[in-house]
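The values are calculated or read from the model by the stated rules, or taken from the named source; none is laboratory data. This one's a predicted model, so the numbers in the text were calculated from it and none came from an experiment. Ideal geometry is used to build each Cβ from the backbone, glycine not excepted, and the neighbour counts take in all protein chains shown. For the accessible areas, the whole protein counts, side chains as well, though only heavy atoms, and no ligand, DNA or RNA atoms are used. Shrake-Rupley method; radii C 1.70, N 1.55, O 1.52, S 1.80 Å.
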Amino acid sequence: MLFLAFSLTLNNFLDANNILSLIRSVAVLGILGLGMLIVVLGRGIDLSLVATMAISIAWSMQLIHEGMPVYAALTTGLLFALGVALFTGVLVAYAEIPPLFATLAMATFVYGFGRAHLIVGTDVVYMPKTMGWIVTLGQGKLFGVPMPIVVAAAMALVVFLFLKFTKIGNFVYAIGDNLAASRIGGIAVRPMLVLQYVLSGGIAFVAGIITATSVEAMNTRIVNSNMIYDVILVVVLGGVGLSGGRGNVRNVIVGTLLIGVLMNGMTIMDIQYTVQNVIKSLILLLAIVVDSIVNPRDEQTGQQGDI
């Protein structure tokens, strides 16, 4: 309905270049949404996604500037992202700290530690000239389609196959549906929870590569932006249940396209950025209220799967 309304009322909205630009602008958001999907399906949430993405990639590029080989630097950044996610998963699964607080604290720590010890003295780390073919991931095209869209589609396919056709993917759904029943059924619940966050961290690193190569820089101040709330909006608005165990890649794609259409339409209408944030915040609030009604967190819901 939103797409139809904008098509009828906004000039050039249906232009092919505008549609490609619309999808390209939310490709990174969609990739991050896939990482958030895996965590939310297991009744968690990851507020450290954007911080992990920004600091790991910024550090990798700084290491390249300092003389480290490209692949070694990127591997170091990936290991940093996975290590942060691993520690977060341990806090949630073994220390039993609520995911909201654990990931919020981790996001603050990663940003502060990164700025103080890894990328000292700068907010923006520019992309080195020696990145080679990796630059095409953000700036290239495949059969006329921008590579960020291609990478996002490939990531969506991989996550879909993982959740649909692997035992681990089925375990993620089972844990989200009923954690206690999953433990009784023989699933290693705690290691699975840790794995969800590790996968989310790896996906965040991929999103960071696309972001950095697209604009030839990584601005670490993105951590303090509203981007993480946009990621949550993508997941919730797409129909993924915050109570866990409900949702799939299709929901993330729908949510991403909805946000893309909304943001593109508001930009064409020249709505101020601050007003756009207010509108998105209201939509997120409404989506959470609807989710609490559709997927209530009551005693009966918590016991699903026991029989």
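Structural remarks
- Whole-Hz couplings from phi, Karplus 6.51/-1.76/1.60, listed for segment 239-248; x for Gly and Pro: x, 6, x, 5, 7, x, x, 10, x, 7
- Carbon plus sulfur fraction of accessible area for the chain, probe 1.4 Å, in percent: 68 percent
- Distance between modelled label sites at ASN226 and ASP15, nm, 7 Å Cα→Cβ extension: 2.6 nm
- Size of electric dipole in the chain: Cβ of Lys, Arg +1 and of Asp, Glu -1, about Cα centre, debye, nearest 20: 400 debye
- Accessible surface, per residue, of segment 1-54 when the full set of protein chains is kept, probe 1.4 Å, Å²: 40 Å²
- Peptides 100-107, 83-90 ordered by average Cβ neighbours within 10 Å, highest first: 83-90, 100-107
- Nearest-0.05 FRET efficiency for LEU100 and THR76, computed from C-beta distance (R0 25 Å): 0.30
- Here the contact order of the chain, divided by its residue count and restricted to Cα pairs under 8 Å and six or more residues apart, works out to 33 percent.
- Amide hydrogen proximity for LYS141: with H placed 1.01 Å from N in the peptide plane, the residues at 5 or more positions away or on another chain lying under 5 Å are MET147.
- Taken as Cα centroids, segment 239-275 and segment 1-71 sit 12 Å apart, rounded to the nearest whole angstrom.
- Ligands, DNA and RNA excluded, the heavy atoms of LYS141 present near 150 Å² of accessible surface to a 1.4 Å solvent probe.
- In segment 113-171, the chymotrypsin sites (Phe, Trp or Tyr not before Pro) that fall in loop regions by DSSP, at most 14 other Cβ within 10 Å: PHE143
- Based on protein heavy atoms only, segment 87-230 ends up with 49 Å² per residue of surface accessible to a 1.4 Å probe.
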